[in-house]
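Okay, so here's the structure we're looking at.
The values are calculated or read from the model by the stated rules, or taken from the named source; none is laboratory data. Quick caveat, the model's predicted, so the values are computed rather than measured. Neighbour counts are summed over all protein chains in view; Cβ atoms, including those assigned to glycine, are modelled from backbone coordinates with ideal geometry. Remember, those area values only see protein heavy atoms, side chains included, never the ligands or the DNA or RNA. Shrake-Rupley method; radii C 1.70, N 1.55, O 1.52, S 1.80 Å.
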Amino acid sequence: MRRAPYELALESRVSGARPKYRFRTADGVVSKRSFRTPELLLLESLWDRDLGRLLCPQANYGVTGVVLADAAAAVEMTETSARAARLCERNAGENGVEASVSVVADLTTLEGEFDTVAYAPKRYAPLAVGKQRVANALAVLRPGGSAYVAASKETGLARYEDQLRDVAADVTSVAERDGYRLLEAIRPETFDPPSYVTPRTRRPTVDGVDLALATVPGVFAAGGLDDGTRLLAEASTVSDGDRVLDLACGYGALGAYASLAADCEVWLSDDDAVATSCAERSLRASGATGTVVTADCLTGVADRTFDRVLCNPPTHAGGDVLSELFAGARDVLAPDGELAFVRHRELTLREHLAPFGDVETRRTGREHVVRTATP
């Protein structure tokens, strides 16, 4: 059963702000039950500053952008997660503030210049990815603009400080709270963002099909094709003329495999824009064809019908995400269609399979099981 969204309330302690802000959260976002300390540090420190046009990268469910919208001339919140971006939009609307929200993998693709950046790296973000976001944020600032980074020892504070001292015109420590420190870095007159993230191409062969898979740090199984996905590909039946969906596609291994294994129509969907950008590169590098969409669960393909849905589900994302994922997969299946998914042997996922009629085990590996489900 799908639970109601989590709700958080934040009371204002400064003049000129609304008395209370309310936020919806959900499975699949960071800190769904409580406000993050680095975001509160950004709010306390930036409320009375001249923010101008404000950029909030990796905005999560929108706390920084929504509150500071009352103190900024304009706000742009970005996310790599489509699910998080939808929450940002909802929370901006429910709090009655104006803010733009976009799903982007690369901040340098944003239009125009910003006066201020407010960034709180998430705890699980690889350091190289966080440093790249900082560098790209500096690139879209106007010369002399300020980038604020709130981090702790556990989230790479020392490394961010070293990075900013290398690339920024000036770096100061602005405030501290509960182990987090807020750094302010001034964008130099000219700035060419250095590269901290190196894309890699993995070249596995799956059931006789040669693939070229593009990966970057932070995507699932960035070091190479994982055993579960390989087992699912080898156990899957894809025929000429099939309409195939690679659901929660990551960097596109299953979609690329299906496209090369049969003359079929392939779609690939994932919540994460970084993953889908990798999936697009994987298709090109493998010589495969397919349509890639970035969307929360099935929202990007809800108007389509598929004969085969292949999925290595994101079991870490939470029960609500999994329930939506499986229910959505059932909704887009043709009457005689089939969902094939892989899971670790110790998981059952039974509670998420209620929408289906028959569920069977197709193949068992050393650590994973491939199961099929039909309407």
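At-a-glance table
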{"item": "Whole-angstrom gap from the stretch 124-144 to the stretch 146-206, using each part's C-alpha centre", "result": "6 Å"}
{"item": "With every protein chain in place, the stretch 59-162: carbon and sulfur % of accessible area (1.4 Å)", "result": "44 percent"}
{"item": "Charged-residue dipole, Cβ positions (Lys, Arg, Asp, Glu), the stretch 107-225 about Cα centre, Debye nearest 20", "result": "400 debye"}
{"item": "Packing rank of 264-276, 90-102, where each peptide gets the mean count of other beta carbons within 10 Å, highest leading", "result": "264-276, 90-102"}
{"item": "Inter-centroid distance (Cα atoms) of the stretch 16-72 relative to the stretch 269-284, Å", "result": "28 Å"}
{"item": "Kirkwood Rh and Cα Rg combined as Rg over Rh, evaluated for the chain", "result": "1.00"}
{"item": "Theoretical FRET efficiency, 1/(1+(r/R0)^6), r = Cβ-Cβ of R200 and E111, R0 30 Å, to 0.05", "result": "0.50"}
{"item": "Extension gain, D192 back to R284 (0.36 nm per residue minus Cα-Cα distance, nm)", "result": "30.3 nm"}
{"item": "The stretch 1-80: GluC sites (Glu not before Pro) in DSSP loop, at most 11 other beta carbons within 10 Å", "result": "none"}
{"item": "All-pairs Cα distance distribution in the stretch 60-179, expressed in whole percent, bin size 5 Å", "result": "2, 11, 21, 23, 23, 15, 6, 1, 0"}
{"item": "Chymotrypsin sites (Phe, Trp or Tyr not before Pro) restricted to DSSP loop in the stretch 308-375 with at most 12 other C-beta within 10 Å", "result": "none"}
{"item": "0 to 90° range, to nearest 10: angle between helix 127-139 axis and the chain longest Cα axis", "result": "50 degrees"}
{"item": "Length added when fully stretched, D336-R33, from 0.36 nm per residue minus Cα-Cα", "result": "105.0 nm"}
{"item": "Rounded accessible area per residue of the stretch 1-128, 1.4 Å, Å²", "result": "45 Å²"}
{"item": "Accessible area (Å², per residue) of the stretch 205-361, counting only protein heavy atoms and a probe of 1.4 Å", "result": "39 Å²"}
{"item": "Whichever lysines have a C-alpha closer than 25 Å to that of K131, once near sequence neighbours (fewer than 8 apart) are set aside", "result": "K32, K122, K153"}
{"item": "Burial ranking of peptide ranges 105-116, 138-149 (average Cβ count within 10 Å, highest at the top)", "result": "138-149, 105-116"}
{"item": "For the stretch 168-228: rounded, prolate or oblate by the Cα gyration tensor [a/c cutoff 1.5]", "result": "oblate"}
{"item": "Label-point gap, in nm, between L127 and K20 - each point 7 angstrom along Cα→Cβ", "result": "4.2 nm"}
{"item": "Estimated 222 nm signal from helices in the chain, with DSSP H stretches of n ≥ 4 weighted -39500 (n - 2.57), rounded to 500", "result": "-8000 deg cm²/dmol"}
{"item": "The stretch 278-349: GluC sites (Glu not before Pro) in DSSP coil with no more than 13 other Cβ atoms inside 10 Å", "result": "E346"}
{"item": "Cα gyration tensor category, rounded, prolate or oblate, for the stretch 45-115 with a/c compared to 1.5", "result": "oblate"}
{"item": "Degrees, to the nearest 10: 82-94 long Cα axis against longest axis of the chain", "result": "50 degrees"}
{"item": "Folded to 0 to 90 degrees: helix 37-46 orientation relative to the chain principal axis, Cα", "result": "40 degrees"}
